Amino acid sequence: MTPPPPTATPAPLRTPASAPALPADRHTLRRAARRVLLRNWTGAATVPSHGLYPHQWSWDSAFIAIGLRHLSPLRAQRELETLLGAQWGDGRVPHIVFNPAVPLDAYFPSPDFWRSSTAGAAAGAPRGLETSGIVQPPVHALAAWLVHRADPALSGGRGFLARVYPRLVAWHRYLTEQRDLGGGGLAAIVHPWEPGMDNSPCWDRPLARVEPAPPGAFRRADLDHGAAADRPTDLDYGRYVRLATDYRDRGYRDGTTPLRTPGPAFAVEDPGVNALLIASEHALAEIATALGTDPAPHRHRARALTSALLERLWDQDAGQFLCRDLIAGEPLPERSAAGLLPLLVPDLPRAVVRTLLDTVRGTHFGLGTTVRLLPSYDLRGPAFDRHRYWRGPAWSNVNWLMERALRRHGERAAADALRTAILDAAAASGFAEYVDPYTAEGRGTRDFSWTAALALDLLAAPGPGDDDHRAGTVRHGEGER
(Lines give C-alpha, C1' and ligand atoms only; values in the text may rest on other atoms or scores of the structure.)
Protein backbone atom coordinates (compact mmCIF):
# COMPACT_ATOMS: atom_id res chain seq x y z
CA MET A 1 0.00 0.00 0.00
CA THR A 2 1.34 3.41 -0.93
CA PRO A 3 1.63 5.72 2.09
CA PRO A 4 0.20 9.22 2.08
CA PRO A 5 2.68 11.89 1.06
CA PRO A 6 4.77 13.37 3.88
CA THR A 7 3.27 16.42 5.53
CA ALA A 8 4.83 19.30 7.38
CA THR A 9 3.07 18.42 10.62
CA PRO A 10 1.90 15.10 12.05
CA ALA A 11 -1.53 13.95 10.90
CA PRO A 12 -4.32 14.48 13.46
CA LEU A 13 -5.77 11.58 15.37
CA ARG A 14 -9.14 10.40 14.10
CA THR A 15 -11.67 8.27 15.90
CA PRO A 16 -12.94 5.28 13.86
CA ALA A 17 -16.69 4.84 13.75
CA SER A 18 -16.33 1.28 15.08
CA ALA A 19 -14.71 2.38 18.33
CA PRO A 20 -16.24 5.33 20.17
CA ALA A 21 -13.66 7.69 21.62
CA LEU A 22 -12.88 7.49 25.28
CA PRO A 23 -12.78 10.78 27.16
CA ALA A 24 -9.22 12.08 26.98
CA ASP A 25 -8.91 13.38 30.54
CA ARG A 26 -6.38 11.44 32.58
CA HIS A 27 -8.69 10.31 35.36
CA THR A 28 -11.34 8.90 33.02
CA LEU A 29 -8.74 7.23 30.81
CA ARG A 30 -7.15 5.64 33.86
CA ARG A 31 -10.49 4.22 35.00
CA ALA A 32 -11.19 2.87 31.49
CA ALA A 33 -7.76 1.20 31.31
CA ARG A 34 -8.32 -0.31 34.74
CA ARG A 35 -11.63 -1.80 33.56
CA VAL A 36 -9.89 -3.48 30.61
CA LEU A 37 -7.30 -5.13 32.85
CA LEU A 38 -9.86 -6.26 35.40
CA ARG A 39 -12.04 -7.74 32.66
CA ASN A 40 -9.12 -9.57 31.03
CA TRP A 41 -7.78 -11.00 34.32
CA THR A 42 -8.39 -14.77 34.63
CA GLY A 43 -7.43 -15.27 38.28
CA ALA A 44 -3.74 -15.95 37.76
CA ALA A 45 -2.84 -14.01 34.62
CA THR A 46 -4.21 -11.61 32.02
CA VAL A 47 -5.27 -12.55 28.50
CA PRO A 48 -4.43 -10.04 25.76
CA SER A 49 -8.10 -10.24 24.72
CA HIS A 50 -10.78 -12.82 25.43
CA GLY A 51 -11.71 -13.34 21.78
CA LEU A 52 -8.61 -13.25 19.61
CA TYR A 53 -6.01 -14.20 22.25
CA PRO A 54 -7.68 -16.24 25.02
CA HIS A 55 -4.50 -17.60 26.69
CA GLN A 56 -1.44 -16.08 28.39
CA TRP A 57 1.24 -14.64 26.13
CA SER A 58 4.84 -14.15 27.23
CA TRP A 59 5.88 -10.62 26.35
CA ASP A 60 2.27 -9.44 26.69
CA SER A 61 2.39 -10.46 30.35
CA ALA A 62 5.62 -8.53 30.87
CA PHE A 63 4.08 -5.32 29.51
CA ILE A 64 0.81 -6.00 31.32
CA ALA A 65 2.66 -6.40 34.63
CA ILE A 66 4.33 -3.02 34.08
CA GLY A 67 0.89 -1.41 33.98
CA LEU A 68 -0.71 -3.61 36.64
CA ARG A 69 1.87 -2.48 39.20
CA HIS A 70 0.01 0.85 39.35
CA LEU A 71 -3.25 -0.92 40.24
CA SER A 72 -2.05 -3.86 42.30
CA PRO A 73 1.63 -4.73 42.76
CA LEU A 74 0.49 -8.11 44.06
CA ARG A 75 -1.40 -8.90 40.88
CA ALA A 76 1.56 -7.69 38.78
CA GLN A 77 3.84 -10.08 40.66
CA ARG A 78 1.39 -12.94 40.14
CA GLU A 79 1.29 -12.19 36.40
CA LEU A 80 5.00 -12.80 36.08
CA GLU A 81 5.06 -15.70 38.52
CA THR A 82 2.36 -17.52 36.55
CA LEU A 83 4.28 -17.11 33.31
CA LEU A 84 7.59 -18.20 34.80
CA GLY A 85 5.86 -21.18 36.38
CA ALA A 86 5.54 -22.57 32.84
CA GLN A 87 9.29 -22.32 32.17
CA TRP A 88 10.93 -25.33 30.54
CA GLY A 89 13.84 -27.21 32.07
CA ASP A 90 16.24 -25.83 29.45
CA GLY A 91 15.34 -22.31 30.58
CA ARG A 92 13.08 -21.19 27.77
CA VAL A 93 9.96 -19.21 28.64
CA PRO A 94 7.26 -20.32 26.17
CA HIS A 95 5.41 -17.70 24.19
CA ILE A 96 1.98 -19.11 25.12
CA VAL A 97 0.76 -20.75 28.32
CA PHE A 98 -2.52 -22.47 27.50
CA ASN A 99 -5.61 -22.30 29.68
CA PRO A 100 -7.13 -25.81 29.67
CA ALA A 101 -10.60 -24.35 30.18
CA VAL A 102 -10.50 -22.69 26.73
CA PRO A 103 -11.89 -24.87 23.89
CA LEU A 104 -9.26 -26.18 21.48
CA ASP A 105 -10.89 -24.51 18.48
CA ALA A 106 -10.80 -21.04 20.08
CA TYR A 107 -7.20 -20.46 19.02
CA PHE A 108 -4.78 -21.96 16.52
CA PRO A 109 -2.13 -23.29 16.91
CA SER A 110 -3.77 -24.93 19.90
CA PRO A 111 -2.16 -27.12 22.58
CA ASP A 112 -2.86 -30.28 20.58
CA PHE A 113 -0.72 -28.82 17.80
CA TRP A 114 2.28 -27.90 19.96
CA ARG A 115 2.13 -31.11 22.09
CA SER A 116 4.66 -29.53 24.43
CA SER A 117 4.40 -32.04 27.27
CA THR A 118 5.35 -34.89 24.92
CA ALA A 119 7.26 -33.38 21.98
CA GLY A 120 9.15 -31.07 24.34
CA ALA A 121 9.90 -33.67 27.03
CA ALA A 122 13.61 -33.88 26.19
CA ALA A 123 13.88 -30.08 26.56
CA GLY A 124 12.17 -30.15 29.96
CA ALA A 125 8.70 -28.97 29.02
CA PRO A 126 6.29 -29.07 32.00
CA ARG A 127 4.37 -32.34 32.23
CA GLY A 128 1.15 -31.05 33.71
CA LEU A 129 0.84 -27.87 31.66
CA GLU A 130 0.58 -27.27 27.92
CA THR A 131 2.51 -24.44 26.29
CA SER A 132 3.86 -23.51 22.90
CA GLY A 133 7.46 -24.44 22.12
CA ILE A 134 8.79 -21.13 20.83
CA VAL A 135 9.66 -17.98 22.77
CA GLN A 136 9.13 -14.20 22.67
CA PRO A 137 11.38 -11.20 23.46
CA PRO A 138 12.96 -11.20 26.95
CA VAL A 139 11.31 -8.16 28.55
CA HIS A 140 10.63 -10.05 31.76
CA ALA A 141 13.58 -9.02 33.95
CA LEU A 142 12.91 -5.36 33.18
CA ALA A 143 9.24 -5.91 34.07
CA ALA A 144 10.16 -7.74 37.29
CA TRP A 145 12.44 -4.92 38.41
CA LEU A 146 9.80 -2.26 37.72
CA VAL A 147 7.15 -4.33 39.50
CA HIS A 148 9.43 -4.72 42.54
CA ARG A 149 10.04 -0.97 42.67
CA ALA A 150 6.31 -0.27 42.75
CA ASP A 151 6.12 -1.75 46.26
CA PRO A 152 9.49 -2.98 47.60
CA ALA A 153 8.00 -3.88 50.99
CA LEU A 154 5.37 -6.18 49.47
CA SER A 155 7.93 -7.64 47.08
CA GLY A 156 10.39 -8.31 49.87
CA GLY A 157 7.75 -9.79 52.14
CA ARG A 158 6.66 -12.24 49.47
CA GLY A 159 10.23 -13.02 48.35
CA PHE A 160 9.24 -12.00 44.83
CA LEU A 161 12.71 -11.14 43.51
CA ALA A 162 14.34 -14.12 45.23
CA ARG A 163 11.89 -16.47 43.52
CA VAL A 164 11.94 -15.02 40.00
CA TYR A 165 15.67 -14.21 39.83
CA PRO A 166 16.95 -17.79 39.24
CA ARG A 167 14.28 -18.35 36.62
CA LEU A 168 15.22 -15.15 34.81
CA VAL A 169 18.89 -16.10 34.93
CA ALA A 170 18.07 -19.49 33.41
CA TRP A 171 15.96 -17.78 30.72
CA HIS A 172 18.81 -15.49 29.70
CA ARG A 173 21.28 -18.39 29.80
CA TYR A 174 19.08 -20.30 27.36
CA LEU A 175 19.06 -17.35 24.95
CA THR A 176 22.77 -16.56 25.17
CA GLU A 177 23.96 -20.17 24.99
CA GLN A 178 21.49 -22.41 23.17
CA ARG A 179 20.26 -19.67 20.84
CA ASP A 180 23.66 -18.30 19.79
CA LEU A 181 23.16 -20.01 16.44
CA GLY A 182 25.40 -17.56 14.59
CA GLY A 183 28.31 -18.11 16.96
CA GLY A 184 28.80 -14.37 17.30
CA GLY A 185 27.33 -13.79 20.75
CA LEU A 186 23.74 -12.84 19.87
CA ALA A 187 20.49 -14.71 20.45
CA ALA A 188 18.76 -15.96 17.30
CA ILE A 189 15.09 -16.53 16.56
CA VAL A 190 13.90 -19.70 14.82
CA HIS A 191 10.35 -18.63 13.97
CA PRO A 192 8.85 -15.28 12.86
CA TRP A 193 6.52 -15.32 15.88
CA GLU A 194 9.46 -15.22 18.30
CA PRO A 195 10.51 -11.56 17.96
CA GLY A 196 6.91 -10.49 18.58
CA MET A 197 6.74 -8.61 15.26
CA ASP A 198 5.22 -11.72 13.70
CA ASN A 199 4.35 -10.54 10.21
CA SER A 200 7.18 -8.07 9.61
CA PRO A 201 8.41 -7.65 6.02
CA CYS A 202 11.85 -8.46 7.43
CA TRP A 203 10.83 -12.12 7.31
CA ASP A 204 9.65 -12.16 3.68
CA ARG A 205 13.04 -13.07 2.23
CA PRO A 206 13.94 -15.92 4.62
CA LEU A 207 10.35 -17.19 4.56
CA ALA A 208 10.50 -17.52 0.78
CA ARG A 209 12.68 -20.62 1.32
CA VAL A 210 9.97 -22.33 3.39
CA GLU A 211 7.46 -24.67 1.75
CA PRO A 212 4.08 -23.75 3.31
CA ALA A 213 1.88 -26.29 5.03
CA PRO A 214 -1.06 -27.22 2.79
CA PRO A 215 -4.15 -25.07 3.40
CA GLY A 216 -6.23 -28.06 4.46
CA ALA A 217 -3.79 -28.94 7.24
CA PHE A 218 -4.99 -26.18 9.58
CA ARG A 219 -7.85 -23.76 10.21
CA ARG A 220 -7.10 -20.14 11.07
CA ALA A 221 -9.08 -19.12 14.15
CA ASP A 222 -7.70 -15.55 13.96
CA LEU A 223 -9.93 -14.74 10.99
CA ASP A 224 -12.98 -15.37 13.20
CA HIS A 225 -12.04 -12.24 15.17
CA GLY A 226 -10.14 -9.97 12.76
CA ALA A 227 -10.44 -8.67 9.21
CA ALA A 228 -8.41 -10.65 6.67
CA ALA A 229 -6.97 -7.39 5.35
CA ASP A 230 -5.41 -6.74 8.77
CA ARG A 231 -3.99 -10.24 9.29
CA PRO A 232 -1.15 -12.26 7.73
CA THR A 233 -1.90 -13.78 4.34
CA ASP A 234 -2.76 -17.48 4.01
CA LEU A 235 0.58 -18.07 2.27
CA ASP A 236 2.56 -16.55 5.14
CA TYR A 237 0.46 -18.40 7.70
CA GLY A 238 1.12 -21.68 5.92
CA ARG A 239 4.84 -21.01 6.22
CA TYR A 240 4.51 -20.18 9.91
CA VAL A 241 2.71 -23.49 10.45
CA ARG A 242 5.36 -25.42 8.51
CA LEU A 243 8.19 -23.95 10.62
CA ALA A 244 6.36 -24.65 13.88
CA THR A 245 5.56 -28.22 12.77
CA ASP A 246 9.17 -28.93 11.86
CA TYR A 247 10.42 -27.46 15.15
CA ARG A 248 7.97 -29.58 17.11
CA ASP A 249 8.84 -32.73 15.16
CA ARG A 250 12.53 -32.38 15.99
CA GLY A 251 11.70 -32.16 19.69
CA TYR A 252 12.13 -28.36 19.88
CA ARG A 253 15.88 -28.71 19.45
CA ASP A 254 17.46 -25.45 18.38
CA GLY A 255 20.36 -26.82 16.35
CA THR A 256 24.10 -26.51 16.75
CA THR A 257 25.90 -23.37 17.83
CA PRO A 258 27.23 -22.07 15.53
CA LEU A 259 24.60 -23.17 13.05
CA ARG A 260 25.42 -26.01 10.69
CA THR A 261 23.30 -27.85 8.18
CA PRO A 262 21.04 -29.65 8.49
CA GLY A 263 19.32 -27.30 10.88
CA PRO A 264 16.35 -24.95 11.12
CA ALA A 265 15.03 -23.48 7.88
CA PHE A 266 14.67 -20.08 9.55
CA ALA A 267 17.31 -18.55 11.82
CA VAL A 268 17.68 -14.78 12.20
CA GLU A 269 19.48 -12.42 14.57
CA ASP A 270 17.00 -9.67 15.42
CA PRO A 271 18.20 -6.34 16.90
CA GLY A 272 15.00 -5.75 18.89
CA VAL A 273 15.19 -9.10 20.67
CA ASN A 274 18.84 -8.57 21.53
CA ALA A 275 18.31 -4.96 22.64
CA LEU A 276 15.62 -6.12 25.05
CA LEU A 277 17.93 -8.89 26.25
CA ILE A 278 20.60 -6.27 27.00
CA ALA A 279 18.10 -4.02 28.80
CA SER A 280 16.95 -7.00 30.85
CA GLU A 281 20.54 -7.98 31.70
CA HIS A 282 20.96 -4.49 33.16
CA ALA A 283 17.73 -5.07 35.10
CA LEU A 284 19.09 -8.40 36.34
CA ALA A 285 22.14 -6.54 37.64
CA GLU A 286 19.80 -4.30 39.65
CA ILE A 287 17.89 -7.33 40.93
CA ALA A 288 21.12 -9.08 41.91
CA THR A 289 22.23 -6.00 43.83
CA ALA A 290 18.90 -5.83 45.65
CA LEU A 291 19.30 -9.50 46.62
CA GLY A 292 22.89 -9.04 47.79
CA THR A 293 24.21 -11.11 44.86
CA ASP A 294 27.10 -10.11 42.60
CA PRO A 295 25.75 -8.03 39.68
CA ALA A 296 29.06 -8.17 37.76
CA PRO A 297 28.19 -11.19 35.57
CA HIS A 298 25.08 -9.43 34.28
CA ARG A 299 26.94 -6.22 33.54
CA HIS A 300 29.67 -8.20 31.77
CA ARG A 301 27.08 -10.06 29.67
CA ALA A 302 25.32 -6.79 28.81
CA ARG A 303 28.61 -5.32 27.58
CA ALA A 304 29.40 -8.43 25.55
CA LEU A 305 25.94 -8.43 23.97
CA THR A 306 26.23 -4.73 23.18
CA SER A 307 29.58 -5.28 21.43
CA ALA A 308 28.16 -8.17 19.41
CA LEU A 309 25.07 -6.14 18.50
CA LEU A 310 27.23 -3.34 17.13
CA GLU A 311 29.59 -5.66 15.32
CA ARG A 312 27.01 -7.90 13.69
CA LEU A 313 23.86 -5.83 13.14
CA TRP A 314 24.78 -2.13 12.91
CA ASP A 315 24.51 -0.72 9.36
CA GLN A 316 25.84 2.81 9.00
CA ASP A 317 24.42 3.26 5.50
CA ALA A 318 20.93 2.30 6.67
CA GLY A 319 21.33 4.46 9.77
CA GLN A 320 19.96 1.69 11.97
CA PHE A 321 20.42 -1.92 13.02
CA LEU A 322 19.33 -4.60 10.55
CA CYS A 323 18.34 -8.23 11.02
CA ARG A 324 20.83 -10.89 9.89
CA ASP A 325 19.71 -14.02 8.06
CA LEU A 326 21.94 -16.77 9.46
CA ILE A 327 20.99 -19.28 6.75
CA ALA A 328 21.98 -16.97 3.89
CA GLY A 329 24.76 -15.35 5.92
CA GLU A 330 23.77 -11.78 5.10
CA PRO A 331 21.86 -8.82 6.54
CA LEU A 332 18.21 -8.34 5.61
CA PRO A 333 17.71 -4.92 3.98
CA GLU A 334 14.19 -4.24 5.29
CA ARG A 335 13.89 -1.48 7.88
CA SER A 336 11.68 -2.18 10.86
CA ALA A 337 11.15 -0.58 14.24
CA ALA A 338 13.14 -3.47 15.73
CA GLY A 339 16.26 -1.84 14.31
CA LEU A 340 15.61 1.29 16.38
CA LEU A 341 15.00 -0.42 19.73
CA PRO A 342 18.73 -0.58 20.54
CA LEU A 343 18.24 3.04 21.62
CA LEU A 344 17.22 1.36 24.88
CA VAL A 345 20.81 0.17 25.34
CA PRO A 346 22.66 2.50 27.73
CA ASP A 347 26.22 2.05 26.40
CA LEU A 348 25.87 2.70 22.67
CA PRO A 349 28.51 4.98 21.10
CA ARG A 350 27.23 8.53 20.94
CA ALA A 351 27.62 8.63 17.15
CA VAL A 352 25.35 5.59 16.83
CA VAL A 353 22.77 7.20 19.11
CA ARG A 354 22.77 10.39 17.02
CA THR A 355 22.34 8.41 13.81
CA LEU A 356 19.49 6.36 15.26
CA LEU A 357 17.71 9.50 16.45
CA ASP A 358 18.07 10.99 12.98
CA THR A 359 16.55 7.81 11.51
CA VAL A 360 13.65 7.87 13.97
CA ARG A 361 12.79 11.40 12.84
CA GLY A 362 13.76 10.96 9.18
CA THR A 363 11.67 10.04 6.17
CA HIS A 364 11.64 6.29 6.82
CA PHE A 365 9.92 6.51 10.22
CA GLY A 366 8.90 10.17 10.47
CA LEU A 367 8.32 10.32 14.22
CA GLY A 368 7.30 13.85 15.18
CA THR A 369 7.46 15.05 11.58
CA THR A 370 5.22 12.88 9.39
CA VAL A 371 3.54 10.78 12.08
CA ARG A 372 2.98 11.09 15.83
CA LEU A 373 3.49 7.38 16.53
CA LEU A 374 6.41 5.21 15.48
CA PRO A 375 5.34 2.81 12.71
CA SER A 376 6.40 -0.82 12.91
CA TYR A 377 7.94 -0.69 9.41
CA ASP A 378 9.54 1.77 7.00
CA LEU A 379 6.95 4.30 5.78
CA ARG A 380 8.70 4.29 2.39
CA GLY A 381 9.34 0.56 2.26
CA PRO A 382 7.97 -1.47 -0.66
CA ALA A 383 6.00 -3.74 1.69
CA PHE A 384 4.52 -0.96 3.85
CA ASP A 385 0.85 -1.51 4.66
CA ARG A 386 -0.67 0.86 7.19
CA HIS A 387 -3.31 -1.67 8.28
CA ARG A 388 -1.74 -5.12 8.06
CA TYR A 389 -0.35 -6.79 11.18
CA TRP A 390 3.25 -5.59 11.86
CA ARG A 391 3.75 -4.36 8.29
CA GLY A 392 3.31 -0.68 9.13
CA PRO A 393 0.80 -0.08 11.96
CA ALA A 394 1.91 1.52 15.22
CA TRP A 395 1.85 -0.57 18.41
CA SER A 396 1.69 0.79 21.93
CA ASN A 397 4.43 -1.49 23.30
CA VAL A 398 6.95 -0.47 20.63
CA ASN A 399 6.08 3.18 21.19
CA TRP A 400 6.32 2.76 24.97
CA LEU A 401 9.82 1.35 24.50
CA MET A 402 10.72 4.23 22.19
CA GLU A 403 9.35 6.79 24.67
CA ARG A 404 11.58 5.24 27.32
CA ALA A 405 14.57 5.23 24.96
CA LEU A 406 14.09 8.88 23.99
CA ARG A 407 13.90 9.87 27.63
CA ARG A 408 17.06 7.89 28.39
CA HIS A 409 18.98 9.90 25.80
CA GLY A 410 17.74 13.29 27.01
CA GLU A 411 15.14 13.78 24.25
CA ARG A 412 12.51 14.92 26.74
CA ALA A 413 10.40 17.04 24.41
CA ALA A 414 10.17 14.20 21.90
CA ALA A 415 9.42 11.71 24.68
CA ASP A 416 6.67 13.95 26.09
CA ALA A 417 5.10 14.34 22.64
CA LEU A 418 5.22 10.60 22.05
CA ARG A 419 3.70 9.89 25.45
CA THR A 420 0.81 12.23 24.63
CA ALA A 421 0.33 10.59 21.23
CA ILE A 422 0.24 7.09 22.74
CA LEU A 423 -2.39 8.16 25.27
CA ASP A 424 -4.44 10.00 22.65
CA ALA A 425 -4.40 6.93 20.40
CA ALA A 426 -5.41 4.63 23.26
CA ALA A 427 -8.35 6.90 24.09
CA ALA A 428 -9.43 7.45 20.49
CA SER A 429 -9.24 3.78 19.47
CA GLY A 430 -10.78 2.08 22.50
CA PHE A 431 -7.41 0.57 23.52
CA ALA A 432 -6.91 -0.98 20.08
CA GLU A 433 -4.34 -3.70 19.49
CA TYR A 434 -2.61 -1.48 16.93
CA VAL A 435 -3.39 1.67 14.96
CA ASP A 436 -2.85 3.31 11.60
CA PRO A 437 0.38 5.29 12.08
CA TYR A 438 -0.97 8.26 10.13
CA THR A 439 -4.46 8.60 11.61
CA ALA A 440 -4.35 6.43 14.77
CA GLU A 441 -7.48 4.63 13.54
CA GLY A 442 -7.78 1.47 15.59
CA ARG A 443 -7.11 -1.91 13.98
CA GLY A 444 -7.18 -5.46 15.27
CA THR A 445 -9.03 -6.23 18.49
CA ARG A 446 -10.17 -3.61 21.03
CA ASP A 447 -9.73 -3.52 24.82
CA PHE A 448 -6.26 -4.95 24.27
CA SER A 449 -4.48 -5.55 27.54
CA TRP A 450 -1.02 -4.18 26.91
CA THR A 451 -2.47 -1.05 25.30
CA ALA A 452 -4.44 -0.42 28.50
CA ALA A 453 -1.56 -1.42 30.78
CA LEU A 454 1.01 0.81 29.12
CA ALA A 455 -1.45 3.70 29.07
CA LEU A 456 -1.67 3.27 32.86
CA ASP A 457 2.10 3.39 33.11
CA LEU A 458 2.34 6.55 31.03
CA LEU A 459 -0.48 8.13 33.01
CA ALA A 460 1.48 7.52 36.21
CA ALA A 461 3.91 10.26 35.22
CA PRO A 462 2.50 13.56 36.52
CA GLY A 463 3.37 15.66 33.50
CA PRO A 464 5.84 16.75 30.80
CA GLY A 465 9.47 16.77 31.80
CA ASP A 466 9.00 13.76 34.09
CA ASP A 467 11.73 11.11 34.18
CA ASP A 468 11.10 7.50 33.21
CA HIS A 469 10.91 6.07 36.75
CA ARG A 470 7.19 5.69 37.24
CA ALA A 471 7.18 3.55 40.35
CA GLY A 472 4.25 5.50 41.76
CA THR A 473 2.38 5.21 45.01
CA VAL A 474 -0.47 2.71 45.09
CA ARG A 475 -3.04 1.55 47.59
CA HIS A 476 -2.62 -2.05 48.64
CA GLY A 477 -5.30 -4.24 47.14
CA GLU A 478 -6.51 -1.71 44.56
CA GLY A 479 -7.59 -3.66 41.51
CA GLU A 480 -8.01 -6.91 43.43
CA ARG A 481 -11.79 -6.77 43.32
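Of 186, 161, 122, which is farthest along the charge dipole of the range 106-218 in the positive direction, counting Lys and Arg as +1 and Asp and Glu as -1 at C-beta?
Going by the charge dipole, the pick is 161.
Where does each of 194-207, 378-391, 430-443 land if you order them by average Cβ count within 10 Å, highest first?
Packing order, densest peptide first, comes out as 430-443, 194-207, 378-391.
Can you run phi through the Karplus equation (6.51, -1.76, 1.60; θ = phi - 60°) for the range 189-201 and list ³J(HN,Hα) in whole Hz, with x for Gly and Pro?
Going residue by residue, I get 9, 10, 7, x, 6, 6, x, x, 8, 3, 10, 4, x Hz, with x marking Gly and Pro.
Can you give the alpha-carbon Rg of the range 251-396 over 2.2 N^0.38 Å, where N counts its residues?
Rg over 2.2 N^0.38 Å, computed on Cα atoms: 1.16.
Looking at the calculated P(r) for the range 88-237, what percent of the C-alpha pair distances fall above 19 Å?
Of all Cα-Cα distances in the range 88-237, 65 percent exceed 19 Å.
Computed over the Cα atoms of the chain, what is the convex hull's projected area averaged over all directions, in nm²?
Reported value for the Cα convex hull: 20.4 nm².
Residues with amide H under 5 Å of residue 321's amide H, sequence separation 5 or more or different chain, H placed in the peptide plane at 1.01 Å from N; which?
315
Once fully extended, how much extra length lies between residue 173 and residue 315, figured as 0.36 nm per residue of separation less the alpha-carbon to alpha-carbon distance?
Full-extension gain reported as 48.4 nm.
For the chain, give the percent of accessible area contributed by carbon and sulfur heavy atoms, probe 1.4 Å, rounded to a whole number.
53
Taking the Kirkwood radius as the inverse of the mean 1/r across Cα pairs, report the Rg/Rh of the range 294-340.
Taking Rh as the inverse mean 1/r over Cα pairs, Rg/Rh reads 1.09.
About the Cα centre of the chain, how large is the charge dipole given +1 on each Lys and Arg Cβ and -1 on each Asp and Glu Cβ? Please answer in debye to the nearest 20.
780
Between rounded, prolate and oblate, where does the range 317-437 land on the alpha carbon gyration tensor, with a ≥ b ≥ c its root eigenvalues, rounded for a/c under 1.5, else prolate if a/b exceeds b/c?
Oblate.
When the Cα centres of the range 286-352 and the range 399-464 are compared, how far apart do they sit, in Å?
The range 286-352 and the range 399-464 have Cα centres separated by 24 Å.
Using only helices, what value at 222 nm comes out for the chain when you add -39,500 (n - 2.57) per DSSP H run of length 4 or more and divide by the total residues, to the nearest 500 deg cm²/dmol?
Mean residue ellipticity at 222 nm (helix-derived): -12000 deg cm²/dmol.
How far apart, in nm, are two points set 7 Å out from the Cα along the Cα-to-Cβ line at residue 245 and at residue 122?
So the two model labels end up 2.0 nm from each other.
Rounded to two decimals, what is the ratio between the C-alpha radius of gyration of the range 165-252 and 2.2 N^0.38 Å?
In units of the globular-protein estimate, the range 165-252 measures up at 1.27.
Within the range 87-120, what residues put their amide N at less than 19 Å from the label point 7 Å along the Cα-to-Cβ vector of residue 219?
101-115
I'd like to check one number: the per residue accessible area of the chain, probe 1.4 Å, reported in Å² as a whole number.
36
The values are calculated or read from the model by the stated rules, or taken from the named source; none is laboratory data. Since the structure is predicted, the reported quantities are computational estimates derived from the model, not experimental observations. Quick reminder, even Gly has a Cβ in these numbers, built from the backbone with ideal geometry, and neighbours come from all protein chains shown. When the accessible area is computed, the model is the full protein with side chains, heavy atoms only, and any ligands, DNA or RNA have been set aside. Shrake-Rupley method; radii C 1.70, N 1.55, O 1.52, S 1.80 Å.
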